[in-house]
Amino acid sequence: MGRTRTVADEDILEAARKVFLDRGQLATTREIAATAGISQAVLYQRFGSKDDLFFAAMAPPPPNVETLLGKPPLGARETESYLIALAERLFEYFETVAPLFVQLATHTAFDSEHLANAHRPVVDSGLLESLGKRLDQLAAADCVRAGDGNAMAQLLISVIHSEALSSVLLKTAPDAGRRREMIRLVWRGLSPADTGQQR
């Protein structure tokens, strides 16, 4: 009977993620093994190569769609505040994954397959489709302007993803005021015609 693994793969990946985020490609397998509390030999047995370990460790976690979407607003009056809260949750998620994307994109072995794999957790989660359905439901209740829910969801996600990525790339602190203004402008486009002119 083989020995029981004392350190789970996910614990090793978490240790590697921390080291790679801190040191980038300069991180050594020795540093990662020490952080994980294992030998380099075990590290290579589990993940094959430093590059394999890097791409496994830097894979973004899937979003919790139910948590991100939250409970739908009770009516038109709550829709703007609902969208602001939803946007903040999306910002928090993309702020978590943006540093991983940056590290992935700057790796010398990064290619289109790695790009597709990096986006797979978000795509497979159904976030876009679920948000699109939520916006379609809000449109049917006259809480947002009638239109293509998936297109509206793509716009909202793109704005938020871009802001989170820019913050990481430019190394700027999150600007809550700018975020709220961005979402306010998106809301002006999404709000029903009778309320959109009031803002």
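The values are calculated or read from the model by the stated rules, or taken from the named source; none is laboratory data. Source: prediction; values computed, not measured. Positions of Cβ are backbone-derived with ideal geometry, glycine not excepted, and every protein chain shown enters the neighbour counts.
Structural remarks
- Inside the stretch 60-77, residues that are farther than 30 Å from Arg17 by Cβ and touching a residue at least 24 places away in the same chain (Cβ under 8 Å) make up a count of 4.
- For the stretch 107-126, the candidate set comprises residues that are of a type in the set (S, T, N, Q) and modelled with pLDDT of 85 or more; within that set, the residue that is surrounded by the most Cβ atoms within 10 Å (Cβ to Cβ) is Ser125.
- Screening the stretch 1-50 for residues that are closer than 15 Å to Gln103 by Cα, among the small types (Gly, Ala, Ser) and part of a helix (DSSP H, G or I) and picking the one that is modelled with the highest pLDDT gives Ala16.
- Taken as a whole, the stretch 169-177 holds at least one residue that is in a loop (DSSP other than H, G, I, E, B), within 14 Å of Ala87 (Cβ to Cβ) and without any contact (Cβ under 8 Å) to a residue 60 or more places away in the chain.
- The listed residue being within 17 Å of the chain's Cα centre (by Cα) and charged (D, E, K, R), out of Asp175, Asp111, Asp124: Asp124
- Selected residue [outside the structural domain of Asp52 (by TED's automatic domain parsing), touching a residue at least 12 places away in the same chain (Cβ under 8 Å) and part of a loop (DSSP other than H, G, I, E, B)] from Asp136, Asp142: Asp142
- Scan of the stretch 76-106 for residues that are surrounded by fewer than 14 Cβ atoms within 10 Å (Cβ to Cβ) and in contact with an Asp or Glu (Cβ under 9 Å, 6 or more places away or on another chain), ordered by number: none
- Arg17 vs. criteria closer than 30 Å to Pro174 by Cβ, over 22 Å from the mean Cα position of the chain (by Cα) and not small (Gly, Ala, Ser): no
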